[in-house]
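*Asks:* Here you go, one structure.
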Amino acid sequence: MSILVDKETRLLVQGITGGEGSFHARGCIKYGTKVVAGVTPSKGGTDLDGVPVFNTVYRAVAETGANTSIVFVPAPFAGDAILEAAEAGISLIVCITEGIPTLDMVMVSRHLKQSEIRLIGPNCPGLISPGKCKVGIMSGDIFLEGNVGVVSRSGTLTYEAVSQLTELGIGQSTCVGLGGDPIIGTGFVDVLRLFEKDPETEAVVLIGEIGGDQEQRAAEFIKDKMSKPVIAFVAGSSAPPGRRMGHAGAIIMGSSGRAQEKIAALRKAGAIIAASPAEIGSTTRKVLASRS
Amino acid sequence: MKVHEYQAKQLLAEFGIPVPRGGVARTAAEARRIAAGLAGKVMIKAQVHAGGRGKAGGIKTVSSPDEVEQAAKGMIGSRLVTHQTSPQGVPVSAVLVEEAIDIERELYLGVVIDNAAGMVVIMASEAGGMDIEEIATTSPDKILKAHIDPALGIHPYRARRLAFDLNLAPAQIRPATEIISNLYRLFEAKDCSLAEINPLAITSDGRILAVDAKLNFDDNATYRQRAIAELRDTEQEDPLEVDAKSKGIENYVKLDGSVGCIVNGAGLAMAVLDLLKQVNGGAANFLDIGTLNEPDRVVQAFRILTSDPDVKAVLVNIFGGMARVDIIAQGIVAAANQMVIEVPVIVRLAGTNVEQGERILNESGLRLTRAYSMQEAAQKAVEAVKKSS
């Protein structure tokens, strides 16, 4: 098993005819994901390498049975694209688009909270269950099928962590990039809960960063609900306070936003802390070795 | 994006929130003219994008037009240093001249995004004034909160409840309810990320008005808030960061080390900073090159780093995803062709299209130090700095 995406995933690509959309749709197909449809308004009837393109998500779902969507639609229209997918019956929506106005996401996230629909992102790299399915923009060949779940607030730092695991022969069940925006659909706790239930996942690597208090909430969940070991790294311990470091999320606000506070909370909850971003793989290896 | 107090107050007034009478002046003579039209004591306030103005001498209360002119002369054209600015301070190009308000009570009113709840939250407190941040940490129960469902928007009963909980006099409930509702409407209509009135003053004659105000705006919404974007004052921002933005690099922060960094993704960029520190080096900057697949973006990043005298080596660490490594490699080659790079350049590439990227660098004949892990890259960068110094 794995979480969220697998061989049953039937993927719809919103914004499939754009530059990024077409490039990464092809990447998903090449990885083995069942890409069943694309949507670009007014491009209906065309196709991308044989994948039919529809004008609306409603039509795409009706004709192809798509159950998951990945959104590459430009920021001004991305909130609308997510809402369309939700209403058309998509149960997992992965939004890659960055730069969506925060108030658009307030509306979207409030609407989705009243349903069972899960949103990953926005401003995220997507997710992958190695060997089964890729719904994202990551380079598939750095991943290896296995039993470690990975969940991260950062895109490229996830790739870094995963490549360390793969080089050590440690495979992954599913890797989820949550996204760096102030308002995201899915947080650490949601994904930890899924990994805890997933029989294939033996341990979880959690990658946090400065800003907000998601890591502290994850720590509470780890302490109360996780039986599986969690290896954690928090980026930004060298960041000067008060400066914004790129991600809207990566700004230190108050003491709870600091890396040191997050690391302390995670350690106290029983997570094993990787001392350096270059030691995420080796720390995981040690944890796995001590269990077998 | 931030705006000046006078601009924030103009927006508040547009949305029906009472503010003190007065106007903005760019010369001492203008300040005097505005003061002459106001009765009684006058406040003169330096217009800068930083807090802590009062303690830094950026706010003065005076009694005559002569004193206004004098105070304005001292402020306009100077630089104001507060605990929120760099030691160089920020330039004062304008002052706000206002009627001084006889304040009886100071309330706090703010609207922000609550990330965890995914909603806009209105915050109000009886304990307004300078110590609000301390109160928020020491006694959070003194801050009243109302989360607003975006589908419902603001309704009078929500604002009214806050007004009553602020223990206002009966005659103040209606104006306060309107101020609260209107601040939320402004926040939503203008894509704010913060709308704050502190203090929201109750005067000795029972009026309620916004004595100081701060509005920040969501940079992602600039495309639909053209009028707000016009209010940007780049003089108030760090010149290096303004220059980076003009070159298409949105996320550049100058730091005090000597390894210039070009990284994709904020998380990885922060991790590179952390790692440099652990191998006894230091980053000269944070630079997230973003995901736009355009070689010129890399060239511009090199331009920024090579113009920084603190940079003794450049570390390029790219893990391609949305960003394609081959395009980054083209950018590195283009940068080397377009400018003289005198410092050693350490390159570590991985991810999407890495084979093509490696081939481009190998065929370029450039003298680059190559690394194949971030640890190796960080160590080689720190060694290169040591050798050059």
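*Asks:* What ranking do A:H24, B:H155, B:H49 get, fewest neighbouring Cβ atoms within 10 angstrom at the top? Walk me through the intermediate numbers first.
*Replies:* On the way: A:H24 26, B:H155 11, B:H49 18.
Lowest to highest Cβ neighbour count: B:H155, B:H49, A:H24.
*Asks:* While we're here: Would you mind checking A:K113/B:K142; B:K55/B:K214; B:K73/B:K254; B:K277/B:K386; B:K9/B:K254 for any pair whose Cα atoms are more than 21 angstrom apart? Could the numbers behind the result be given before it?
*Replies:* Working: A:K113/B:K142 29 Å; B:K55/B:K214 18 Å; B:K73/B:K254 33 Å; B:K277/B:K386 14 Å; B:K9/B:K254 32 Å.
From A:K113/B:K142; B:K55/B:K214; B:K73/B:K254; B:K277/B:K386; B:K9/B:K254, over 21 Å: A:K113/B:K142; B:K73/B:K254; B:K9/B:K254.
*Asks:* If you don't mind, another one. Report the Cα centroid-to-centroid distance between the stretch B:51-82 and the stretch A:24-39 in angstrom, as an integer.
*Replies:* 62
*Asks:* Per residue of A:277-283, what is the mean number of Cβ atoms on other protein chains within 10 angstrom of that residue's Cβ? Could you put the intermediate results ahead of the total?
*Replies:* Details: counts 12, 12, 3, 1, 0, 0, 0.
Per residue, the number of nearby Cβ atoms from other chains is 4 on average.
*Asks:* With +1 on each Lys and Arg Cβ and -1 on each Asp and Glu Cβ, and nothing else charged, work out how big the dipole of the stretch A:51-160 is about its Cα centre, in Debye to the nearest 20. Provide the component values of the computation, followed by the final result.
*Replies:* Numbers: 7 positive and 10 negative charges, 39 e Å.
Here the size comes out at about 180 debye.
*Asks:* How high is the FRET efficiency from A:D224 to A:Q260, r the C-beta distance, R0 35 Å, rounded to 0.05? Walk me through the numbers before you get to the answer.
*Replies:* Details: r = 23 Å, r/R0 = 0.65.
Step by step, r from the Cβ atoms, then E = 0.95.
*Asks:* Assuming 0.36 nm per residue, please report the length gained on full extension of the stretch B:M130 to B:T203 beyond their Cα-Cα distance. Don't skip to the end; give the middle numbers.
*Replies:* Details: separation 73, 0.36 × 73 = 26.28 nm, distance 1.73 nm.
Computed gain between B:M130 and B:T203 is 24.5 nm.
*Asks:* In what sequence, highest mean first, do B:328-334, B:76-82 appear when ranked by Cβ atoms within 10 angstrom?
*Replies:* Details: B:328-334: 24.0, B:76-82: 16.6.
In decreasing order of mean packing, B:328-334, B:76-82 become B:328-334, B:76-82.
*Asks:* Within a 10 angstrom radius of each residue's Cβ in B:143-152, how many Cβ atoms of other chains show up on average? Whole number is fine.
*Replies:* On the way: counts 0, 0, 0, 0, 1, 2, 3, 9, 4, 1.
Per residue, the number of nearby Cβ atoms from other chains is 2 on average.
*Asks:* Of the listed peptides B:263-269, B:380-386, what is their order by residue-averaged count of other C-beta atoms within 10 Å, with the highest listed first? Present the calculation step by step, with values, prior to reporting the outcome.
*Replies:* On the way: B:263-269: 30.0, B:380-386: 21.3.
Going from most to least packed, we get B:263-269, B:380-386.
*Asks:* Describe numerically, in nm with one decimal, the distance between label points set 7 Å from Cα along Cα→Cβ at A:T46 and at B:Q84.
*Replies:* Here the answer is 4.9 nm between the modelled labels.
*Asks:* In addition: Let me test this: with uniform point scatterers at the alpha carbons of the stretch B:21-100, what is the Debye-based log₁₀ I(q)/I(0) at q = 0.12, 0.21 1/Å?
*Replies:* The Cα Debye sum returns log10 ratios of -0.29, -0.81.
*Asks:* Now for a different question. Only counting other Cβ atoms within 10 Å, I'd like B:R105, A:R59 sorted with the fewest neighbours first. If you can, show how the numbers build up before the last one.
*Replies:* On the way: B:R105 19, A:R59 15.
Fewest-to-most Cβ neighbours within 10 Å comes out as A:R59, B:R105.
*Asks:* Let me ask something else about it. What lysines does A:K30 reach when the alpha-carbon gap must be under 20 Å and sequence neighbours fewer than 8 apart in one chain are set aside?
*Replies:* Here the lysines satisfying the reach criterion relative to A:K30 are A:K7, A:K132, A:K134.
*Asks:* What is the dipole size for chain A, taken about its Cα centre, with +1 at each Lys and Arg Cβ and -1 at each Asp and Glu Cβ, in debye to the nearest 20? Numbers along the way, then the final one.
*Replies:* Values: 28 positive and 29 negative charges, 114 e Å.
Taking the Cα centre of chain A as origin, the dipole is about 540 debye.
*Asks:* Considering the options A:C175, A:S163, A:T283, tell which one lies farthest towards the positive end of the dipole of the stretch A:138-291, charges being +1 on Lys and Arg and -1 on Asp and Glu at the Cβ, about the Cα centre.
*Replies:* About the Cα centre, the residue reaching furthest to the positive side is A:T283.
*Asks:* Does the stretch B:236-345 classify as rounded, prolate or oblate by the C-alpha gyration tensor (a ≥ b ≥ c root eigenvalues; a/c under 1.5 gives rounded; else a/b over b/c gives prolate, otherwise oblate)?
*Replies:* It is rounded, given that a/c, with a ≥ b ≥ c, falls under 1.5.
*Asks:* For the stretch B:33-40, take each phi angle, set θ = phi - 60°, evaluate the Karplus expression 6.51 cos²θ - 1.76 cosθ + 1.60, and give the result in whole Hz per residue in order, putting x for glycine and proline.
*Replies:* Values per residue, Gly and Pro as x: 4, 5, 5, 4, x, 10, 8, x Hz.
*Asks:* Give me, ordered by chain and number, the residues 5 or more places off A:S69 or on other chains with an amide H under 5 Å from its own placed amide H.
*Replies:* A:L12, A:L92, A:I93, A:V94
*Asks:* Near A:N67, within a Cβ-to-Cβ distance under 9 Å, what is the net charge of the other residues, with Lys and Arg +1 and Asp and Glu -1?
*Replies:* 0
*Asks:* Now for a separate question. May I ask you to work out the translational diffusion coefficient for chain A at 4 °C, viscosity 1.567 mPa s, via Stokes-Einstein with Rh from the Kirkwood sum over Cα pairs, reported in whole µm²/s? Present the calculation step by step, with values, prior to reporting the outcome.
*Replies:* On the way: Rh = 19.1 Å.
Estimated via Stokes-Einstein, D reaches 68 µm²/s.
*Asks:* Quick check for me: using +1 on Lys/Arg Cβ and -1 on Asp/Glu Cβ, what's the dipole size of the stretch B:238-388 about its Cα centre, in debye to the nearest 20? Working shown, then result.
*Replies:* Values: 15 positive and 18 negative charges, 69 e Å.
Charge dipole of the stretch B:238-388: 340 debye, to the nearest 20.
*Asks:* Using only atoms on other chains, find how many Cβ atoms lie within 10 Å of each Cβ of peptide A:96-104 and report the average. Walk me through the numbers on the way to the answer.
*Replies:* On the way: counts 3, 0, 4, 6, 3, 9, 11, 13, 6.
Mean shielding count: 6.
*Asks:* For the pair B:A116/B:D102, report the inter-label distance in nm, with labels modelled 7 Å from Cα in the Cβ direction.
*Replies:* Between B:A116 and B:D102, the label points sit 4.4 nm apart.
*Asks:* In degrees, nearest 10, range 0 to 90: what is the angle between the Cα axis of helix B:170-189 and the longest Cα principal axis of chain B?
*Replies:* Here the helix axis deviates by roughly 20 degrees.
*Asks:* Tally Lys/Arg at +1 and Asp/Glu at -1 over every other residue whose Cβ is under 11 Å from the Cβ of B:P156; what's the total? Please list the in-between numbers first.
*Replies:* Details: positive: B:R158, B:R160, B:R161, B:R174; negative: B:E178.
Here the charged neighbours net out to +3.
*Asks:* Sticking with this structure for a sec: Nearest 0.05, what FRET efficiency do A:S115 and A:R193 give at R0 = 22 Å with Cβ-Cβ as r?
*Replies:* 0.80
*Asks:* Still on this structure: For B:T137 and A:E167, what is the calculated FRET efficiency with R₀ set at 56 Å and r taken between the beta-carbons, to the nearest 0.05?
*Replies:* Numbers: r = 44 Å, r/R0 = 0.78.
For B:T137 and A:E167, the calculated efficiency is 0.80.
*Asks:* Rounded, prolate or oblate: which one fits the stretch A:10-120, using the alpha carbon gyration tensor with axes a ≥ b ≥ c (rounded when a/c is under 1.5, else prolate when a/b beats b/c, else oblate)?
*Replies:* Working: a/c = 1.70, a/b = 1.45, b/c = 1.17.
In terms of gyration-tensor shape, prolate.
Each value in this text was obtained by applying a stated rule to the coordinates, not by laboratory testing. No experiment lies behind these values; they were computed from the predicted model shown. Glycine also receives a Cβ, built like all others from the backbone with ideal geometry; neighbour counts cover every protein chain displayed.
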